[in-house]
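Remarks on the structure that follows.
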Amino acid sequence: HKAFLYLIYGCGLRRGEALALSRFDLNFRSQTVTVNKSLAFSGNDPYIKGTKNGKERTVPIPSKICRYLENYCQDIGRPQLFTTKGKPYITKSSYNKMWAAILSALKAAGADTDGLTAHVFRHNYCTNLCYQIPMISIKHIAALMGDTEKMVIEVYNHIILEKEDTVSAIEKALEM
C-alpha cells in the first residue's frame, strides 16, 4: 500500500500508470521511473494499454521513496509491483480492497478521507510543483505529469497567481 501511495503522491503517477509498473521501469541508480503504459480494467480483469497521451516519460523519484521502492522490489520477488495472487496484474476487486485498506489506515491516522481518490494525490503532486515555480518551469511540470502546458495552466493557474508579485517584478526588471 505504501509503495502505491509513494508512486501516486511522490511521483505524480496516475492510478493506472502506477499499477502497471514493473521493477524494470524503476532505475534506482538514476532515481527515475519510466512511465510507458497504464493498467485499465474490463470488469474485474486487468489489461495493459498505453499512457493517456501515448507518450513515454521519465519522472524523478525522491530519494526517500527510491530507497523504499528498492527494498520493496527486493522483498516482493516478482517483476510486477502490484498483483493479485496467481495473476500477473492486480484485478479491479483487489485494487478496490487495497484502496479501502489505504483509506482505513489514513482515517485511523486522523485524515479526512471523504472523496479521497488516487487522483487527488496526483493533484497534490502537481500543486506542490507549481509552488516551486520558477525553480521548475510549467513546461517541465507538464512533461513530468504527462500533460500539456495548457492543462497545467488552466487547472493550476490560481497557484501561479498566488505567487505573483507584479510590483516587485516591475521594480526589479527596471532597476537602474
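The values are calculated or read from the model by the stated rules, or taken from the named source; none is laboratory data. In this text the structure is predicted, and so the values were computed from the model without any measurement. Please note: Cβ atoms are built from the backbone with ideal geometry, for glycine as well, and neighbour counts cover all protein chains shown. Calculation scope for accessible area: heavy atoms of the full protein, side chains included, ligands and nucleic acids excluded. Shrake-Rupley method; radii C 1.70, N 1.55, O 1.52, S 1.80 Å.
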Fill in: Output for segment 107-136, where each listed residue is in contact (Cβ under 8 Å) with a residue 40 or more places away in the chain and either closer than 17 Å to residue 60 by Cα or in contact with an Asp or Glu (Cβ under 9 Å, 6 or more places away or on another chain) (or both)
121, 122, 124, 125, 126, 129
Discussion item. Which of the numbered conditions does residue 104 fail, given that it passes all the others? Conditions: (1) closer than 14 Å to residue 12 by Cβ; (2) free of Cβ contacts under 8 Å to residues at least 40 places away in the same chain.
Written reply: (1)
Worksheet item: In segment 8-66, which residues are touching a Pro at 6+ places or on another chain (Cβ under 7 Å), surrounded by 20 or more Cβ atoms within 10 Å (Cβ to Cβ) and hydrophobic (A, V, I, L, M, F, W, C)?
Response: 39
Worksheet entry | Number of the exception - residue 110 against (1) on the phi < 0 side of the Ramachandran plot; (2) open to solvent by less than 70 Å² (accessible area, probe 1.4 Å); (3) modelled with pLDDT of 95 or more | (1)
Item to complete: Within segment 1-55, track down each residue that is free of Cβ contacts under 8 Å to residues at least 60 places away in the same chain, assigned to a loop (DSSP other than H, G, I, E, B) and more than 15 Å from the chain's Cα centre (by Cα).
Response: 28, 29, 30, 43, 44, 50, 54
Discussion item. Given the criterion surrounded by fewer than 17 Cβ atoms within 10 Å (Cβ to Cβ) and under 23 Å from residue 16 (Cα atoms), identify the matching residue among 163, 97.
Written reply: 97
Worksheet item: residue 99 fails exactly one of the following numbered conditions: (1) free of Cβ contacts under 8 Å to residues at least 24 places away in the same chain; (2) farther than 25 Å from residue 127 by Cα; (3) touching a helix residue (DSSP H, G or I) at 6+ places or on another chain (Cβ under 9 Å). What is the number of that condition?
Response: (2)
Practice prompt. Please work out which one of (1) closer than 25 Å to residue 126 by Cβ; (2) in contact with a Ser or Thr (Cβ under 6 Å, 6 or more places away or on another chain); (3) assigned to a loop (DSSP other than H, G, I, E, B) is the condition residue 84 fails and give its number.
Written response: (1)
Item to complete: Could you tell me whether any residue of segment 119-128 is aliphatic (A, V, I, L, M) and at pLDDT 95 or above?
Response: yes
Practice prompt. Give 150, 139, 172, 87 a once-over and let me know the one that is surrounded by fewer than 16 Cβ atoms within 10 Å (Cβ to Cβ) and either touching a Cys at 6+ places or on another chain (Cβ under 7 Å) or in contact (Cβ under 8 Å) with a residue 24 or more places away in the chain (or both).
Written response: 87
Discussion item. So, in segment 106-129, exactly how many residues are within 20 Å of the chain's Cα centre (by Cα) and assigned to a helix (DSSP H, G or I)?
Written reply: 13
